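The values are calculated or read from the model by the stated rules, or taken from the named source; none is laboratory data. Keep in mind it's a predicted model, so treat the numbers as computed, not measured. FYI the Cβ positions are ideal-geometry reconstructions off the backbone, even for glycines, and counts take in every protein chain you see. SASA here: full protein model, heavy atoms, side chains in, ligands and nucleic acids out. Shrake-Rupley method; radii C 1.70, N 1.55, O 1.52, S 1.80 Å.
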Amino acid sequence: MQAPVKLNFKMYQGSTFKEVLRRETSTKVYVPITGITQAAPVVITAPSHGCPVGWRTKVTNVLGMTDINSSEVYHTVTGTTNDTVTINAVNAIGYKAYVSGGVLEYNEPFNLTGVTARMQLRSKITDTVSIDDYTTENGKIVINTTDKTIAILVDAVTTASYTFASVVYSMELINGTEVIPFITGTISLEKEITR
């Protein structure tokens, strides 16, 4: 089983707290590229790519526009159609023209269909009572199966009621009878000034 990812968050008291998370599998998806614009942002044509907005992707083996090739650097997809992805972080205006070939590469999203999630905040790991519980049932965790995202969403009234300086937390995903450790870490609270 994969160990949970360590993520530390900062929450602002009296403000809405929202963190959007994604879970990749270790399975790589390789989609043939048929065109790339010399534009900012760059638009890559990769028919039926299946890559959602917000996902990390990289481009390899392109001929002509070789500046866009990357063996290690991933960029976030900022827009999609069925056959194209837009990457706002890449300005391809000065690149050579696309000639042929290439692959759009990304890790397959974890299938979130039927998945629920739960997360608890505690002063310290050994505490028997949680400060707050976030779940898909109480709406503090929202799973979007289309965008493949898991969002932590806490309203401003709730964060205004928090008095802790820092807490520990962990989130688990539940898929049928399987419980999957997802993320863990700390949340520090910045006290509200404007109220």
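Quick one: in region 111-146, of everything that is open to solvent by less than 70 Å² (accessible area, probe 1.4 Å) and charged (D, E, K, R), which residue is nearest to F17 (Cα to Cα)? Among them, the one singled out is K140. Within region 2-23, being over 16 Å from the mean Cα position of the chain (by Cα) and not in a loop (DSSP other than H, G, I, E, B) holds for K10, M11, Y12. None of E19, E108 is among the charged types (D, E, K, R), open to solvent by 20 Å² or more (accessible area, probe 1.4 Å) and more than 30 Å from T163 (Cα to Cα) except E108.
Apart from one condition, T86 fits all of (1) open to solvent by 60 Å² or more (accessible area, probe 1.4 Å); (2) hydroxyl-bearing (S, T, Y); (3) within 19 Å of T146 (Cβ to Cβ); the exception is (1). Exactly one residue among A97, A156, A151 is open to solvent by less than 70 Å² (accessible area, probe 1.4 Å) and within 17 Å of the chain's Cα centre (by Cα), and that residue is A151. Kindly evaluate T186 against the criterion of being in a loop (DSSP other than H, G, I, E, B) and either farther than 29 Å from S48 by Cβ or open to solvent by 60 Å² or more (accessible area, probe 1.4 Å) (or both). Considered against the rule, which asks whether it is in a loop (DSSP other than H, G, I, E, B) and either farther than 29 Å from S48 by Cβ or open to solvent by 60 Å² or more (accessible area, probe 1.4 Å) (or both), T186 comes out as no. Here the condition is being β-branched (V, I, T) and within 21 Å of the chain's Cα centre (by Cα); of V129, V85, it holds for V85 alone.
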